[in-house]
Amino acid sequence: MQKTDVKYEMKLLSALAKVFQDEEPVYQPECMKLSGLWGETVSFQAAYTGTNFMRERLDVRVTSSIEKWVRVRTVEQVPVGRATNGIVDDNYLKTTSGLYPDLLRDVKDGKAVVCTKQWRSLWIDVEITDEIPAGDYEIVIALLKEGEAVCQAAAKLHVIGAQLTKQTIMHTEWMHADCLADYYNVGVFSEEHWKLLENYFIESVKRGCNMMLTPIFTPPLDTAVGGERTTVQLVDVEVRDGQYLFEFEKMKRWVDLCRKCGIEYFEMSHIFSQWGAKYAPKVMALVDGKEEKIFGWHTPAVGEYTRFLQSFLPRLIEKLKEWGIADVTYFHISDEPWEEHLESYKAARDSLGDMLKGFHTFDALSNYDYYARGLVDKPIPGNNEIEEFLEHGLTDMWTYYCTGQFYEVSNRFMSMPSARNRIYGVQLYKYDIVGILHWGYNFYNSQFSLEHINPYEVTDSGNAFPAGDPFLVYPGADGHPEESIRMMVHYEALTDLRAMKMLESLTSKEYVMELIEGDLGEPITFKRYPKSDMYLITLRNRINKEIEKRI
C-alpha cells in the first residue's frame, strides 16, 4: 500500500447546517456571526474530514476564555427509512432513505472519530450566563493528533449584557411515560421510572417545554382499535358496592415533580378515545380485590362511563384546586377528530355537561366547525390549516404540526433543512400564537403502538411517519435523554421568539415586524417565508443589536 500525505480540514458552520457524510459543506461567513443574550444557549458546528486510510480517534480541544461554558458534542448519523410522505415541495434536503445527521452525543473520552474522506461535525453549545461579561469572545476548536493540532477553526461570539426575557408561549411536547418504562424495562411508577421521568422532565424544560401531558389514565393516543398500550395511570380507582373511589397519591407526586423541574402548565390526558371520541380510554380499577379493565375500546363514550366521570371529575377538580394548579390546567376531549366525527365528538362533549366549567378545553383539530359549534374553546389547528381560524378573527390561538404538515409549512423532519424548523419562531411571533403542541417528545413505538421500537435504529415508527416526527430525544443508556439537532434548532426558534418579544417591550410590535418583513418581497405567513439560513441568522443578530442599543 502506497503511503500518501494525510490531510485534514475543518469548516465552521451555523447550527442550521446539516452535514451529510458524502457532501462537502459550504462555509457561509455571514452565518457565523454569532451573538446572544444572558440566559440562552448559542450553538454552531465545526465540520471536519481527513484522508487517512484508517479510521482515527483524534482529541478535541476547546480554547477560549469562556471554555467553562462550552459543551462539545458529536453529530451522529441515524438510519432513515421513511424520509417524506411522498408528496414534497422544493424545501427538502433529501427525499431518500439513508443516514441523516441528527443525534447529538457528548464527546467520548474527549475524542472525535475521523473517517477517511467522510464529512462529520462537532456540535458546539455556548451556555451564556450572566457570569460571562458582555463583550466579544473567541472560541477555537481543534483536532489534535499526538498532541499537535491537525486542523482548527476559530468562532467569534458577541455576548450582550442583558437577560433574555422569560418564555411566555405555552409549549407541550407529549411525554409518553409508558415508552420510558418499556424502553428501559422498568416497572411503571417504580422508583427507577420516577427517576427517568425526572431526567426527561428536566431536559424538556431546559429546551422550552413548560406544559406537561398528565396521564390521569393511560392516554388514548396512537393505539390500534382494540389494542392497548402499557398502563400508565396516575389515578388509582376502586369499584366498591357499585361506587367509584379514587386515590390521587401518584398524581400528586407527578405534579410535585413537574413543578420541581419547572413545569408551569398541566394538560390532562384525553377523556375520550382518539379520532372521534367514540369510546372511553383504558381505565384500570380494583374490583373485589382484583385489578380489571373497567373501561376501554369495549365501552361507549356515553353510558356507564358518563356515570364514572360524574364521580371522577369533581374529585379531580377538587385536587387540582387543592394543589393550586386549577388555573393552569387544560383538558383534552379527543385527539384529532375529523369532519365525520362531529356528532360523536359532540355527544361525548355534551355528556360532560358543566363538569369542566371554568377550565379550558383544547384539542388538536383542524375543522373550524368544532369551534363554531362551541365544542371546544381552544382549537389547535395544524399550521397548514390555521388560516381559516385566523380569517374568522380568532385570537390567542394555538397551533401544532405533525406528520400531516409536510407541504409548504414549517416542520422538523430530518429530511427538511433546519431553517424550516427555526422559522417557526418568527411565525409564532407574527401571529401572536399563545401555545404550541407536538405529539412526540419520546414516542418509541410503532404506529398504533403495535410494538416497541429502538429509536436508535428506527426513527420513523416503523416506516409510518417521516423520520423526526415521532420523537425529539433519544433514550440515553445512562437514563438521561440524548438531544437531537431538531431539538436544539426548535429551542433556537423559541429563543428567537423571546428576543422578539423582548425587543417589542422596548419598542413596539410594528418596529419588530419591520425588522422581520421590511426587506422581504412578500409578508410572512405559515406557508410563505424566507428559506435561507442567512435570513434567520441575520435577523436574530439585528434583533440582538437593537436590544443592545436600548439597555
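The values are calculated or read from the model by the stated rules, or taken from the named source; none is laboratory data. These numbers were taken from a predicted model, which means no experiment stands behind them. Cβ: placed from backbone, ideal geometry, glycine included. Neighbour counts: every protein chain shown.
Observations on the structure shown:
- Of everything in region 1-15 that is part of a strand (DSSP E or B) and buried (at least 16 other Cβ atoms within 10 Å of the Cβ), the residue that is nearest to the chain's Cα centre (by Cα) is Ser14.
- Close pairs from region 525-536: first under 24 Å from Tyr27 (Cβ atoms), partner assigned to a helix (DSSP H, G or I) and not hydrophobic (A, V, I, L, M, F, W, C), Cβ under 7 Å, at least 6 apart: Met534/Glu30; Leu536/Arg422
- Residues located in region 317-345, provided they are out of contact with any helix residue (DSSP H, G or I) (no Cβ under 6 Å at 6 or more places or on another chain), more than 22 Å from Tyr400 (Cα to Cα) and of a type outside the set (Asp, Glu): Ile317, Lys319, Lys321, Gly324, Ile325, Ser344
- Per-region count, region 252-303, residues in a loop (DSSP other than H, G, I, E, B) and farther than 26 Å from Ala364 by Cβ: 2
- Residue in region 304-316 that is farther than 27 Å from Val255 by Cα, assigned by TED's automatic domain parsing to the domain that holds Lys260 and not in a helix (DSSP H, G or I) present: no
- Test for Lys156: is it under 22 Å from Glu76 (Cβ atoms), basic (Lys, Arg) and in the same structural domain as Val60 (by TED's automatic domain parsing): no
- Condition check for Lys282: buried (at least 19 other Cβ atoms within 10 Å of the Cβ), modelled with pLDDT of 95 or more and under 27 Å from the mean Cα position of the chain (by Cα): yes
- Some residue of region 331-342 being within 21 Å of Asp236 (Cα to Cα) and outside any loop (DSSP other than H, G, I, E, B): yes
- Residue that is nearest to Tyr474 (Cα to Cα) [pool: residues in region 449-458 that are surrounded by fewer than 18 Cβ atoms within 10 Å (Cβ to Cβ) and touching a Gly at 6+ places or on another chain (Cβ under 8 Å)]: Glu451
Table: residues versus (1) under 30 Å from Gly135 (Cβ atoms); (2) part of a loop (DSSP other than H, G, I, E, B); (3) modelled with pLDDT of 95 or more.
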{"residue": "Ala17", "(1), (2), (3)": "yes, yes, yes"}
{"residue": "Gln21", "(1), (2), (3)": "no, yes, yes"}
{"residue": "Pro25", "(1), (2), (3)": "yes, yes, yes"}
{"residue": "Ser35", "(1), (2), (3)": "yes, no, yes"}
{"residue": "Thr41", "(1), (2), (3)": "yes, no, yes"}
{"residue": "Tyr48", "(1), (2), (3)": "yes, no, yes"}
{"residue": "Asp59", "(1), (2), (3)": "yes, no, yes"}
{"residue": "Val62", "(1), (2), (3)": "yes, no, yes"}
{"residue": "Ile87", "(1), (2), (3)": "no, yes, yes"}
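- Selected residue [assigned to a helix (DSSP H, G or I) and either at pLDDT 95 or above or farther than 16 Å from Ile271 by Cα (or both)] from Leu320, Leu356: Leu320
- The numbered conditions (1) surrounded by fewer than 18 Cβ atoms within 10 Å (Cβ to Cβ); (2) within 33 Å of the chain's Cα centre (by Cα) are all true for Gly296 except (1).
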